[in-house]
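Below: the structure, in structure tokens.
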Amino acid sequence: MTIAAMGSGSGGRIPVKLHKRVCLVVTEDAVLAEEILARRKLAGEVVGRLTERVLLIRPGRVEAVLQELQKMGHTPQVAGKSA
Amino acid sequence: MNAEADLDRVRSTLECYDEPLLREVAARLARPRNQWPRDELIRKCLEVLENPPVLDRRLAELPDPARSLLAIVFRSRQPEWPLASLFELLMALGQEPATVGATIQDLFEAGLLYPVLPEQTTRFGSFGYWMSTATEGPLYVLVPRPIAGRVRPPETDWPELGERLALARPLQADGLDWLLRLGVLWQQVRGMPFRRTQGGGLFKRDVERLSQDGLLNARAADALIAVPDQGFLLAEVAERLGLLVPNDAELRAVDLPEEWNEGLWSALSGIVPQLFRLSDWGPVDGYRPLSNHNQPFASAYLLVLEVLRNQPVEEWVAIDLLQDWIQERHPFWARSGVRPSQRGPWLEVFLLGVAWPVRLIEATRHEESWRVRLTEWGRAFLSGQEPPLLPPPFPKTLLLQPNLEILVYRQGLTPALLRRLTLAATWKTLGAACTLALEAETVYRALEAGESFESLSRLFEQHGTRSTPPGVLDLMRTWANKRERITLYPTATLLEFASARELDEALARGVTGFRATDTVLVVASEDQIDFKHFRLAGSRDYGLPPERCVTVEADGVTLSVDLSRSDLLLETELPRIAELVERQTSNNRRIYRLTPESLGRAREAGWSAITLENWFQQRLGISATPAAKLLLLAPMLDSPRLRRLVVLTVSDSALADGLEQWPITRPYVVERLGPLSLVVQQDRLPALREIATRLGLRLPEAVEELPG
């Protein structure tokens, strides 16, 4: 059954498709995303581009992507970590 | 939490027991009235361990030495002990050596003590056999905390070694020295992990780092005694504490302990149990890797602390008196043939160099020797009682200077502040006033651990004796802003809605997240989602292997995606290698087609024959189709040739084989085309015809022309 087929009544439960444990890189702007895609080592880890600012990363390659971004001089924040 | 972890380990161990052994243990622990299956027996055993009244009855049935052993082990708060240490403890407590093994075996059989088995173990058949393998390497046992914590020990005659000292001036540590040094070690290892040799020791470079580093090894101004190889001692404690974790051939720094945020007692309560698990460091020789030479000391430390616990609160004990008492009873020293060096002043190093900085004991000088007694916290920790109240800290305790140096006065330092400073700056000097350096990398490290520019500014304002210099604030803001440019979500959860309107409705209900597209909301972690608002139309876990949800038609290039099973990886990946033909068919499928142009784009993005093959295997469960390979690989292969050939076709493959093999005819054959067909040289056809005639084969005079 598709999400659209399920529909939602007003105030009822909203039908959603859940995508768990997805690895993403979100950039401030599209140019930065282009810069990442132009980096050969990173392009190999990018499975696709969800939007012009959101890149989908190959599962299990977070560390490699983080290290490569740092090598490029970026200081990415990692979401979902607490102090 | 700790109790649950111990019970999980008990469950795993029971699952390894062979059935007869499991039934034997369950018969004593759970006492089932029926013949239950394995899983049920394990469940019943665990129920007993979680049922205090029943557990108390089982423990009350144990003989005195077994109860004494469990009770004293519980004092350590360390559930995992070397088996040999339990033997030593029982003998030191007065049990006859000949019966010690039987007492321990009885505890195993009663389900109150468990062997620590290697991870790969699937079967375990005998406690006796397992104990007999101790000669091959040290064995460890698990004393689950829910069990040991409920034991009522029998009356024991502890020696009265203490005396009241009217003019004693107690010296007590602030308990921060080890936390500071562990923070220094954490920073160093985070910058450059330790590397391990194949034998398990440290590389020479790291041995030198640990032995020569000034901050790790310097004797504190208020230290009572020098500790040999202090850097190695801290490294081993850090590893036991989980501050450093093995990763391949390295030892890496992970997150600083959360308990440090809960105050001094909580931080020290994490460290003390690790002192009983040291194996590479001992108080006599310092660091001796892989020798397990701390063996006699773990049990000796515990006995010492238990003797001190049984002295009147106000009384002081002379260290040499205590060491003599231990050495008379502990089997390691009581045996004959102990070298004089092994009888050296090891206890002074442990008590003044290890137990004192972690505030287990306080000390005083009397008649040219050291006297010790447990601190109020040390007594509470060992007895399992509430810790004493600490005086309120001075919040204003640091000075952040324009040159990015931080001066911290130790009086106001708390483990929580120490932890945050360890993340945000680099320790430079330790003492009554410590200094740190604030740098771009350290600020980034703190931001990565969850701090923000605002939280760091508040930290320095809250604890600073003066306002933070504006220049420093500007620099921190610049560093933080740079970091805002890219966000990495390692394990995000995406909610995909049917329409933008429904996504808006979810946001209106308070669901928080980042809107990636009109219909997709990104949430940093699944824990942040309140599922009462949602009805799941599908769920896909990207930590699992990709799902096979694509089929290919007979043309080898038309791909049909099952939308009910597809995922984002596929939906973003496919447009890179194929053209969209139909967005959604009536049977909920999406159609793509592989074309020379689409696979040309894939080729430019780095797709190879192997990538294509892997993708087909993952998504279709078959090899890449020949047509797909053709479209991807054609430009990468040598140019094809067009030739006119004379083809000799025979009636039997054996004849073709013979022509190809016989040395007389072989030079005339250019290429074998199939079982019956050979390409032959056109200009040497007359000569071949002659040879064929000699063989009795008649080749036609003219070459047939193909129609068209």
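Once you have a ≥ b ≥ c as the square roots of the Cα gyration tensor eigenvalues for segment B:479-522, tell me rounded if a/c is under 1.5, and otherwise prolate or oblate according to whether a/b is larger than b/c.
Note, shape of segment B:479-522 comes out prolate.
Evaluate the relative contact order of chain B (contact order divided by residue number), counting alpha-carbon pairs under 8 angstrom at least 6 apart; express in whole percent.
It rounds to 8 percent for chain B.
Please list, in order along segment A:40-51, the HN-Hα scalar couplings obtained from phi with the Karplus expression 6.51 cos²θ - 1.76 cosθ + 1.60 (θ = phi - 60°), rounded to whole Hz, x for Gly and Pro.
3J(HN,Hα) across segment A:40-51, in whole Hz: 4, 5, 7, 4, x, 8, 8, 7, x, 10, 5, 9.
Chains B and A: buried accessible surface, both sides, probe 1.4 Å, rounded to 100 Å²?
Rounded to the nearest hundred, the buried surface is 5800 Å².
For B:Ala627, what is the net charge nearby, where nearby means another residue's Cβ is under 11 Å from its Cβ and Lys, Arg count +1, Asp, Glu -1?
The answer is 0.
Could you tell me the extents of segment B:252-355's C-alpha atoms along the three principal axes, largest first, rounded to whole Å?
47, 40, 18
Cα to Cα, under 17 Å, and not fewer than 8 places away if on the same chain: which aspartates and glutamates meet these conditions relative to A:Lys41?
Within reach: A:Glu63, A:Glu68, B:Glu604.
Would you rank B:Ser126, B:Ser336 by solvent-accessible area, highest first, keeping every protein chain in place and using a 1.4 Å probe?
B:Ser336, B:Ser126
Once a ≥ b ≥ c are taken as the square roots of the eigenvalues of the Cα gyration tensor of segment B:65-197, is the result rounded (a/c under 1.5), prolate (a/b larger than b/c) or oblate (a/b not larger than b/c)?
oblate
Starting from the Cα of A:Lys20, draw a straight line to each of the lysines and keep only those under 23 Å, dropping any in the same chain fewer than 8 residues away.
Those lysines meeting the cut-off are A:Lys81, B:Lys532.
All other residues with a Cβ under 15 Å from the Cβ of B:Met476 taken together, and with Lys, Arg as +1 and Asp, Glu as -1, what is their net charge?
Around B:Met476, the charge tally is -3.
If you find the alpha carbon centre of segment B:684-708 and of segment B:351-389, how far apart are they in angstrom?
Taking the Cα centre of segment B:351-389 as reference, the centre of segment B:684-708 is 109 Å away.
For chain B, what D do you get in µm² per second when you plug the Kirkwood radius from alpha-carbon pairs into Stokes-Einstein at 20 °C and 1.002 mPa s?
66 µm²/s
Please list B:Arg666, B:Arg593, B:Arg672 in order of solvent-accessible area, largest first, computed with a 1.4 Å probe with all protein chains present.
B:Arg666, B:Arg593, B:Arg672
Classify the protein assembly as shown from the C-alpha gyration tensor, please: rounded if a/c falls under 1.5, else prolate or oblate depending on whether a/b exceeds b/c.
prolate
Residue by residue, what Karplus-based ³J(HN,Hα) values in Hz, rounded to whole numbers, does segment B:539-548 have, using 6.51, -1.76 and 1.60 with θ = phi - 60° and x for Gly and Pro?
So the J values, rounded to whole Hz, are 9, 9, 9, 7, x, 8, x, x, 8, 7.
Tally Lys/Arg at +1 and Asp/Glu at -1 over every other residue whose Cβ is under 15 Å from the Cβ of B:Ser211; what's the total?
Net local charge, B:Ser211 excluded: -1.
Can you list the residues of segment B:438-458 whose accessible area drops by at least 20 Å² going from the chain on its own to the full set of protein chains, with a 1.4 Å probe?
Residues shielded by partner chains are B:Tyr444, B:Glu448, B:Ala449, B:Gly450.
Would you mind checking which residues have amide H under 5 Å from B:Phe194's amide H? H placed 1.01 Å from N; only 5 or more apart, or other chain.
It is B:Leu251, by chain and number.
Which lysines have a Cα lying under 23 Å from the Cα of B:Lys396, excluding residues fewer than 8 positions away in the same chain?
B:Lys428
How much solvent-accessible surface does B:Glu405 expose, in Å² to the nearest 10, with a 1.4 Å probe and all protein chains in place?
Its accessible surface works out to 70 Å², give or take rounding.
Quick one: of the DSSP bridges fully inside chain B, what percent are antiparallel, nearest 5?
In chain B, DSSP labels about 95 percent of beta bridges as antiparallel.
When the helix-only estimate is applied to chain B (DSSP H runs of n ≥ 4, each -39,500 (n - 2.57), divided by the residue count), what is the mean residue ellipticity at 222 nm, nearest 500 deg cm²/dmol?
Estimated from H runs of four or more residues: -12000 deg cm²/dmol.
Can you give me the Cα centroid spacing of segment B:109-177 and segment A:11-67 in angstrom?
Cα centroid of segment B:109-177 versus Cα centroid of segment A:11-67: 49 Å apart.
In degrees, nearest 10, range 0 to 90: what is the angle between the Cα axis of helix B:230-241 and the longest Cα principal axis of chain B?
70 degrees
What whole-number value in cubic angstrom gives the convex hull volume per residue for the C-alpha atoms of segment B:545-690?
171 Å³
For chain B, take the longest principal axis of its alpha carbons; what is the angle in degrees between that and the long axis of helix B:568-577, to the nearest 10 within 0 to 90?
Taking the Cα atoms of chain B, the angle to B:568-577 is about 30 degrees.
Where does helix B:453-463 land angle-wise versus the long Cα axis of chain B, in degrees 0 to 90, nearest 10?
For B:453-463 against chain B, the angle is about 10 degrees.
The values are calculated or read from the model by the stated rules, or taken from the named source; none is laboratory data. Please read all numbers here as calculations on a predicted model, not as lab measurements. Every residue, glycine among them, receives a Cβ derived from its backbone with ideal geometry; neighbour counts consider all protein chains shown. With ligands, DNA and RNA removed, areas are computed over all heavy atoms of the protein, side chains included. Shrake-Rupley method; radii C 1.70, N 1.55, O 1.52, S 1.80 Å.
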